[in-house]
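**Student:** To start, I am sharing the structure in question, which I have written as structure tokens.
The values are calculated or read from the model by the stated rules, or taken from the named source; none is laboratory data. Since this is a predicted model, take the numbers as computed values, not measurements. Virtual Cβ from ideal backbone geometry, glycine too; neighbours counted across all protein chains shown.
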Amino acid sequence: MKQYEIDTAGSEETAQFAEKLAKLLQPGDVLTLEGDLGAGKTTFTKGIAKGLEIKRNVNSPTFTIIKEYHGRLPLYHMDVYRLEDSLEDLGFDEYFEGEGVTVVEWAHFIEEQLPADRLDIFLYHEGEQRRKMVFIPNGNRYEQLCKEIFS
Ligand code: ADP
Ligand code: MG
């Protein structure tokens, strides 16, 4: 399976990369974010929001599970950590198939409910300020997207 990697040297760089990616996103795109607490999932999402021209501050939706923002496209920001493996279905499909971009933090907790086609992003601590980001595209749309962003 093809995967793409990039290291960042601080939160600004992580957000900037996400911002660049966001400019290429289309309605119905789904991104998953995996990584330990503090790996940078929400930082990455803030960059996505900026790239989608969202003015409101994006913060971790841990207590609400899903937050919706409006910009060039809607952003559906999910943090499903609190669901753990409960398999609770909160009608995620409506978001995945909606007009916006969905970003799911801790996506493996709702693995069964995720669409097959999506961009999986893994963040790893490499140091205080350094992170490794690994992008795994699933499906043609995301393979093209990765090729473009990493070209
Ligand atoms: P998560 O949502 O994965 O729990 P957050 O994005 O909320 O993580 O927090 C990441 C923390 O790590 C922030 O305090 C951020 O400033 C810090 N940080 C340091 N270096 C980086 C980096 N290269 N990329 C992203 N965040 C970083
Ligand atoms: Mg978070």
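**Student:** Criterion first (surrounded by fewer than 20 Cβ atoms within 10 Å (Cβ to Cβ), within 24 Å of Ile149 (Cα to Cα), out of contact with any strand residue (DSSP E or B) (no Cβ under 9 Å at 6 or more places or on another chain) and acidic (Asp, Glu)) does Glu5 satisfy it?
**Tutor:** Judged against the criteria, Glu5 is not a match.
**Student:** Please enumerate the residues belonging to the stretch 48-61 that are more than 9 Å from ligand 1 (Cβ to nearest atom) and touching a residue at least 12 places away in the same chain (Cβ under 8 Å).
**Tutor:** As a first pass, look at the stretch 48-61 and keep what is more than 9 Å from ligand 1 (Cβ to nearest atom): 48-58, 61.
Result: Ile48, Ala49, Lys50, Gly51, Leu52, Glu53, Ile54, Lys55, Arg56, Val58, Pro61.
**Student:** In the stretch 100-138, which residue that is assigned to a loop (DSSP other than H, G, I, E, B) and charged (D, E, K, R) is nearest to Lys23 (Cα to Cα)?
**Tutor:** To start, the set of residues in the stretch 100-138 that are assigned to a loop (DSSP other than H, G, I, E, B) comprises 100, 106, 114-117, 126-130.
After this cut, where a residue has to be charged (D, E, K, R) as well, the list is 117, 126, 128, 130.
Details: Asp117: 19, Glu126: 27, Glu128: 28, Arg130: 24 Å.
Step by step, filter the stretch 100-138, then rank; the result is Asp117.
**Student:** Here is a further query. Going by the structure shown, is Lys41 within 14 Å of ligand 1 (Cβ to nearest atom), without any contact (Cβ under 8 Å) to a residue 12 or more places away in the chain and either acidic (Asp, Glu) or in contact with a Leu (Cβ under 9 Å, 6 or more places away or on another chain) (or both)? If you could, list the steps in order and put the result at the bottom.
**Tutor:** On the way: within 14 Å of ligand 1 (Cβ to nearest atom): yes; without any contact (Cβ under 8 Å) to a residue 12 or more places away in the chain: no; either acidic (Asp, Glu) or in contact with a Leu (Cβ under 9 Å, 6 or more places away or on another chain) (or both): yes.
Against the criterion (within 14 Å of ligand 1 (Cβ to nearest atom), without any contact (Cβ under 8 Å) to a residue 12 or more places away in the chain and either acidic (Asp, Glu) or in contact with a Leu (Cβ under 9 Å, 6 or more places away or on another chain) (or both)), Lys41 does not qualify.
**Student:** Now, a different point. If a residue counts only when it is closer than 17 Å to Thr102 by Cα, which strands (runs of 3 or more DSSP E) contained entirely in the stretch 1-88 have at least 1 such residues?
**Tutor:** Values: elements: 4-8, 30-34, 66-70, 74-79.
Passing ranges, in order: 30-34, 66-70, 74-79.
**Student:** With (1) under 29 Å from Ala9 (Cα atoms); (2) at pLDDT 95 or above; (3) in contact with a strand residue (DSSP E or B) (Cβ under 6 Å, 6 or more places away or on another chain) as the list, and Gly100 as the residue in question, which single condition is left unmet?
**Tutor:** (1)
**Student:** Would the stretch 91-101 turn up any residue that is among the hydrophobic types (A, V, I, L, M, F, W, C), without any contact (Cβ under 8 Å) to a residue 60 or more places away in the chain, under 20 Å from Asp117 (Cβ atoms) and more than 12 Å from ligand 2 (Cβ to nearest atom)?
**Tutor:** Yes, the conditions are met somewhere in the stretch 91-101.
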